[in-house]
Structures are given as structure tokens and as C-alpha cells.
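Notes to accompany the following structure.
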């Protein structure tokens, strides 16, 4: 999986583009990258993961998204998923994540 930080003029908003598969092998990399960026950006309030190019999500990947949400919420940081492909959205919906975080279709 590739993670790319998208340009953004807002200090409080981190935007990342995800490309490839979010599974047991790649999920720790995503968590480490987000954690590093959160530490580097005091005052961060929102993380948007753009998932237009995310083609697969496993239960391990979904678990990392929940872990991010749980760990960053006490710091006042919300997590949202944008441009989610139908196949990935269906998995998120089946797992109930669409009720826990903001998820928008591609």
C-alpha cells in the first residue's frame, strides 16, 4: 500500500491518499505513518483518508482504522474516510464502521 500526504493549507487537517490494499501486512505501516504525522502536527483536529485508490480492505485493515479512531479521539482528532470504492464501503458497512465514522462514497 502507498500512503501519500496530500497538500492542504489547513494546519488542523491532515489529508492522506491510500493506494492498494489495506490488510494485515500493510495496516501497521498506516498506523505508524498516521501516528508519526499526529506527533509532528500539534493542533491537528481532523484526518481524512482518501480511499479512491484503495482496492481491498481486510478485517485487519478495518481494525487499524478503529484503533486510529480510538487512539486519536481523546486528543480531539476525528478520522474520516472519503472517496471510498463500493467494494470497500460494503466491507466497512458490514463491520459497522459506517456508523462509527464519517465514510463517503467515491
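Throughout, read-outs are computed from the coordinates displayed, never taken from laboratory work. Computed from a predicted structure; not experimentally measured. All Cβ positions, even for glycine, are placed from backbone atoms using ideal geometry, and neighbour counts span all protein chains on display.
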Check: Taking the DSSP beta bridges in the range 2-105 as the whole, what percent of them are antiparallel, to the nearest 5?
Finding: 20 percent
Next item on the list: State, to one decimal in nm, how far the label point of residue 32 lies from the label point of residue 82, with both points 7 Å from Cα in the Cβ direction.
Entry: 2.7 nm
Next item on the list: Counting residues in the range 2-105 as N, plug N into 2.2 N^0.38 Å and put the Cα Rg over that result.
Entry: 0.97
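How high is the FRET efficiency between residue 94 and residue 13 when r is their beta carbon distance and R₀ equals 22 Å, given to the nearest 0.05? Could you put the intermediate results ahead of the total?
Values: r = 29 Å, r/R0 = 1.30.
So, using R0 = 22 Å, E works out to roughly 0.15.
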